[in-house]
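These notes are about the structure you will find just below.
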Amino acid sequence: MRSAHRSRGHLVIISCALSAGLLAATSPAADAAPARPPRYSPGAPGAGDPYFPDMGNGGYDVSHYDIRLAFSPQTKAINATTTILATATQDLSRFDLDFQGPLTISRLSVNGLNAEFTRSGAQELVITPPYGLRKGSAFVVSVTYAGVPQKIDDPALGVSGWVTTKDGAVALNQPIGAATYYPVNDTTNDKATYTQTITVPTGLTVLANGEPGPTTTHDHQTTFRWSMNRPMASELSMIAIGDYDVTRGVAAGGLPNITAIGKSIDTKPGQGKVFNQTTAQIIQWESSMYGQYPFDSTGGILADVGVGYALETQSRPVYDQSTSDVDGDLLAHELGHQWFGDSLTPVHWSDIWLNEGFATYSEWLYQEKFNNVPVQQTFAKAYADEKDWSGEVADPGRDRIFDDLVYNRGAMTLQALRTKIGDRAFFEVLTLWPTAHRYGNVSTRQFIQFVERLTNRDLDSFFHTWLYQPGKPALPPSARSAGT
């Protein structure tokens, strides 16, 4: 993501036949005689992130979400069914999903059979299937629900989740918003593929992550289908509903490039083409540094959402703007996230500098490449201007995950590392790190070990100073110059 002026990433339909097959495969009658009696127990109601202990759940791993949702602009209500394909990672007597707000559930099933459920606390949907789920067994959960989703407005972290707009709605889920409109294992550490099938009154447009499928119209309602076929964290899922001017092009050797501008702000002729071509140019350039673009399409959405930030929603970032101006710095940041934050996603939120430090450094590289401002000059200015050196970059605390502590000091850490290990090794890190961990989850400790192995150097003291020690680090003479 994100700041006030910038940023804060298969199975297409889960059919009845699949549900029936999984039911046969996972019901007690179909099980072979077990080597030991199952020891069924509840899955954990949290995923273990110290910043967000209620987010996510234990006992299973999700592989796919199928979200089918109809939206009414008049009432702001949705009617939806979300179907989840998962695998038990323990013998489960019951398990939780995250589901927030006033949405009313009318039916919930596990493997096609009605299941008991209760809702507890701010977001726990506690599900008891009609029989225990054996470790290693696949299962299907289907939840049908309706109501008016409510966004989250956190005093420290801002707005996330389902946000209604003048012409529709936009879902922006970082860090805790996904569960406002679909039941989910809302943790960075359980990525899944997605299909999103969204029905709206004819005349509105729907954009989402990934690639578009067929669009159909019936009885003045139009249904849009989008598929994200690469693993995606729930905080990076997205839906945008409204009046949009859509531009289609290509990037990076034929990669589909779908961009859109809200009609209310698309007042300059030719801006759709400018936005699309600038996106393509930056994807091509960043691919030359970071390796192959990790998804099957790219693009972006400019819209007047009113949240005060841009967000690196996977494959198609959303930029909250009141004009159609195209800011190359901002695009470089959010598109850089497609490698750092989307394809590579932190295990825990404390490691968010691995997202934001690299994305901010992408801005610095953009300034050097396209505006002739050397990276070292940008670093020197940031180092001189920074007023608050409190806190740890690699453990900022829950309420500071979107602070300069993470963004600017994260990028400064990378430039200090470049000075320490030299350009050749540093740019190898930029290419090999996202390649080695593509579509996975990563930690600060993994990054340190990766760089040390690559350079065959002990860098613990360096990283301790820049990432774990509050205070302004001293610079070696070679790093104090504003030039390159």
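The values are calculated or read from the model by the stated rules, or taken from the named source; none is laboratory data. This one's a predicted model, so the numbers in the text were calculated from it and none came from an experiment. Don't worry about glycine lacking a Cβ; one is built from the backbone with ideal geometry, like all the others, and counts go over all protein chains shown. To get the accessible areas, we keep the full protein, side chains included, count just its heavy atoms, and leave off ligands, DNA and RNA. Shrake-Rupley method; radii C 1.70, N 1.55, O 1.52, S 1.80 Å.
Remark: accessible surface ordering of 333, 437 (largest first) is 437, 333, probe radius 1.4 Å.
When the convex hull of its Cα atoms is viewed from all sides, the stretch 200-344 shows a mean projected area of 8.4 nm².
The listed residues 227, 106, once ranked by accessible area (1.4 Å probe) with the largest placed first, stand as 106, 227. Rolling a 1.4 Å probe over the protein chains gives residue 439 an accessible area of about 60 Å².
In whole Å, what is the distance between the alpha-carbon centres of the stretch 293-343 and the stretch 391-406? Using only Cα atoms, the two centres lie 22 Å from each other.
Taking the centroid of alpha carbons for each part, the stretch 233-254 and the stretch 51-74 are 20 Å apart. Taking 0.36 nm per residue of sequence separation and removing the Cα-Cα distance, the residue 219/residue 386 pair yields an extension gain of 54.3 nm.
With the convex hull of its Cα atoms as the shape, the stretch 57-156 has an orientation-averaged projected area of 7.3 nm². Give me the number: length gained by fully extending residue 61 to residue 150, i.e. 0.36 nm times residue separation minus the C-alpha to C-alpha distance, one decimal in nm. Going from the current span to full extension adds 29.4 nm. Quick check on the stretch 355-401: take the gyration tensor over C-alpha atoms, sort the square-rooted eigenvalues as a ≥ b ≥ c, and tell me if it's rounded (a/c under 1.5), prolate or oblate. In terms of gyration-tensor shape, oblate. Taking the charge dipole of the stretch 334-460 about its Cα centre, with +1 at Lys and Arg Cβ atoms and -1 at Asp and Glu Cβ atoms, the residue from 440, 355, 421 reaching farthest to the positive side is 421. Relative contact order of the stretch 126-192: 20 percent, from C-alpha pairs under 8 Å at least 6 residues apart in sequence. Taken per residue, the accessible surface of the stretch 72-166 reaches 41 Å², heavy atoms only and a 1.4 Å probe. Under 5 Å from the amide H of residue 348 lies no amide H of any residue 5 or more positions distant or on a separate chain, with H modelled from the backbone and absent for Pro and chain starts. In order along the stretch 332-338, the phi-based Karplus estimate (6.51 cos²θ - 1.76 cosθ + 1.60, θ = phi - 60°) of 3J(HN,Hα) comes to 4, 5, 5, 6, x, 4, 4 Hz; Gly and Pro are listed as x. Under 5 Å from the amide H of residue 391 lie the amide H atoms of 471, each residue being 5 or more positions distant or on a separate chain, with H modelled from the backbone and absent for Pro and chain starts. In terms of its Cα atoms, the stretch 79-229 spans 47, 40, 28 Å along the principal axes, sorted from long to short.
Sorted into 20 angstrom bins from 0, the C-alpha pair distances of the chain split as 24, 54, 21, 1 percent. Mind checking which aspartates and glutamates have their Cα closer than 13 Å to the Cα of residue 135? Skip sequence neighbours fewer than 8 apart in that chain. Counting by Cα, and skipping residues close in sequence, residue 135 has these aspartates and glutamates nearby: 31, 61, 91. Each Lys and Arg adds +1 at its Cβ and each Asp and Glu adds -1 at its Cβ; summed about the Cα centre, the chain shows a dipole of about 580 debye. The modelled label-to-label distance between residue 472 and residue 44, using points 7 Å beyond Cα along the C-beta direction, is 4.1 nm. Roughly how many whole Å is it from the C-alpha centroid of the stretch 166-232 to that of the stretch 407-473? What the calculation gives is 35 Å, centre to centre. Identify the residues of the stretch 189-203 with backbone N under 18 Å of a label point that sits 7 angstrom from the Cα of residue 77 along the Cα-to-Cβ direction, or state none. Of the residues in the stretch 189-203, 199-201 have backbone N under 18 Å from the label point off residue 77. Here is how the number arises for the chain: DSSP H runs of 4 or more residues each give -39500 (n - 2.57), the sum is divided by the residue count, and the result at 222 nm is -7500 deg cm²/dmol. Work out the charge dipole of the stretch 271-356 with +1 on the Cβ of Lys and Arg and -1 on the Cβ of Asp and Glu about the Cα centre, then indicate which of 318, 284, 332 is farthest towards its positive end. Ranked along the dipole, the leading option is 284. Expressed as a whole percent, the accessible area of the chain that falls on carbon and sulfur atoms is 52 (1.4 Å probe).
Taking a straight line from the alpha carbon of residue 166, these lysines sit under 23 Å away, with near neighbours fewer than eight places off in the same chain left out: 76, 151, 263, 268. Close amide H contacts of residue 299 (hydrogens built in the peptide plane, cut-off under 5 Å, sequence separation of 5 or more or a different chain): 258.
Zone of residue 250 (label point 7 Å along Cα→Cβ, backbone N under 19 Å): which residues in the stretch 304-318? Nothing falls inside the zone, counting backbone N under 19 Å.
Farthest toward the positive end of the dipole of the chain, out of 365, 259, 139, is the Cα of 139, where the dipole comes from beta carbon charges about the Cα centre.
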